[in-house]
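Engineer: Take a look at this one; I'll ask things after.
The values are calculated or read from the model by the stated rules, or taken from the named source; none is laboratory data. Owing to the predicted nature of the structure, the values given are computational and were not obtained by experimental measurement. Cβ: placed from backbone, ideal geometry, glycine included. Neighbour counts: every protein chain shown. Only protein heavy atoms, including side chains, enter the accessible area calculation; ligands, DNA and RNA are left aside. Shrake-Rupley method; radii C 1.70, N 1.55, O 1.52, S 1.80 Å.
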Amino acid sequence: MIPLLLILIIATAEMSTSIYTPSLTSVATHFNISPALAQWTVSINLLGLALSGPIYGPWSDCHGRRTVLRIGMGLFLFGSIFALFAHSIEILLIARFVQGLGEGVAVVIAFAVVRDLFDEKKSAQVLSYMGMAIALSPGLAPILGGYIAHTLGWKMCFGVVSFAAAVLIIFLFLLMPETLPENNRIPFSFKAITQGYLATLKNTNFLKLALIPAIMIGGLWAWMAGLPLLFVGFLGVPLQHYGYYGFSSIIIYIIGTFINSKCVHKISLRKLLFIGLCLSLFSSISLFISGYLKVANPIILQILNFPFAFGLAFILPNGTALAFSEVKKGLGTSSALLGSLEMAFGALSIFLLGQFFQGTILSIASIMLGASFLSIILFIIDFLRLRTGISLTP
């Protein structure tokens, strides 16, 4: 029941962004703003996620996972309702930020709960199964969001999210047990938080591994936020049909997570991680070349993204499990830092995309390529540490 409830919570949080991405062009038209400013309604949501995670993590280490999860989801519900009734772009930006502050609890607590309950390899397997199920939400959400925006208007996307959040809060009070025993909790104070984060930041082995999935999430968000503008705004894909393109990548990702979950007990997590990184690099290079060749066929571009989506299924669960294997105490704090890094890189990618997007795949592919290249460098640094005992970081 616990993984299932966590899946539903994270899926709803993921849906709150992905259900809305097909409407970015409609939002720009509705408020008479630029596409770049419309994209800020996505990036400011991720910024809220990044800022709230560092609080939720140590807070849950002190007061337990369940209480913090209830409070965060309550804030998420408030932000979603606020967005539903936003009458200006300024109000919508504030609402999306508040929504992000609430969303931040989902991934942080989910990661911490998994490590409360399972060891390294079992965590990787559980995270794979969770990723398989969670991926369906952002895959199906753009399809649903496209039809909602086409028939009822884009604001009703937030109405659906608000209803889902309200139902989940009820489930939290009825079904969610506490997974962190009293004797494993850490006193909550500013000094304790500071010491916890200083200790985590000094754990360079954790940071190197945690940065790999975090940076790759940035590459993923460049694709997720940039593709609606490219496909709908420049390549003529109908709004209500756009979601099917995104869903095809989700299917590839789900296949990858299924294969990964079967491999984690037979192949080392680092080998699986390296396979994923190679696939993502190949996909990014292919998309980058297609940008220079001015390929404008959405089906071809989507197919070229498939290795990236498949590779992420190996990168995210295994990179996360390996990072947490380097943590001995303060899993909530470490989980919060990882979640914040992921959202920060996501927000950075969307910001860069807004600055350089010119109606082609080139800017999107450049961010994906940069993310893949940096992640492989981090992997090599960690590999050399294990192979030679020489650390390239202090």
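Engineer: Taking a ≥ b ≥ c as the square roots of the eigenvalues of the Cα gyration tensor of the range 1-139, is the shape rounded (a/c under 1.5), prolate (a/b larger than b/c) or oblate?
Structural biologist: In terms of gyration-tensor shape, prolate.
Engineer: For Rg/Rh (Cα atoms, Kirkwood Rh), one of (i) 1.04; (ii) 0.95; (iii) 0.98 was computed from the structure I shared and the rest are decoys. Which label?
Structural biologist: (ii)
Engineer: Keeping every protein chain in place, order 242, 129 by accessible area at 1.4 Å, biggest value first, i.e. largest first.
Structural biologist: 129, 242
Engineer: Hey, another quick one. Given 0.36 nm per residue, what is the gain on full extension from residue 271 to residue 85 after removing their alpha carbon distance, in nm?
Structural biologist: Extra length available between residue 271 and residue 85 comes to 62.1 nm.
Engineer: Could you pull out every one of the lysines with an alpha carbon less than 28 Å from that of residue 202, ignoring same-chain neighbours closer than 8 positions?
Structural biologist: 121, 122, 191, 271, 328, 329
Engineer: Then there's this: Under a 1.4 angstrom probe, counting protein chains only, how are 156, 343 ranked by accessible area, largest first?
Structural biologist: Descending order: 156, 343.
Engineer: Mind grabbing the accessible area of residue 56 for me, 1.4 Å probe, Å², rounded to tens?
Structural biologist: It works out to around 20 Å².
Engineer: Additional query: Order 103, 14, 90 by their accessible area, 1.4 angstrom probe, all chains in place, largest first.
Structural biologist: From most accessible down to least: 90, 14, 103.
Engineer: Now for a different question. Given the Cα-Cα distance of residue 329 and residue 388 and 0.36 nm per residue of separation, how much length would full extension add, in nm?
Structural biologist: 18.6 nm
Engineer: To the nearest 0.05, what FRET efficiency results for residue 122 and residue 373 with a Förster distance of 45 Å applied to their C-beta separation?
Structural biologist: E between residue 122 and residue 373, to the nearest 0.05, is 0.90.
Engineer: Also, quick follow-up: If you take the beta carbon distance between residue 192 and residue 1 as r and set R0 to 25 Å, what does 1/(1 + (r/R0)^6) give as a FRET efficiency, to the nearest 0.05?
Structural biologist: 0.20
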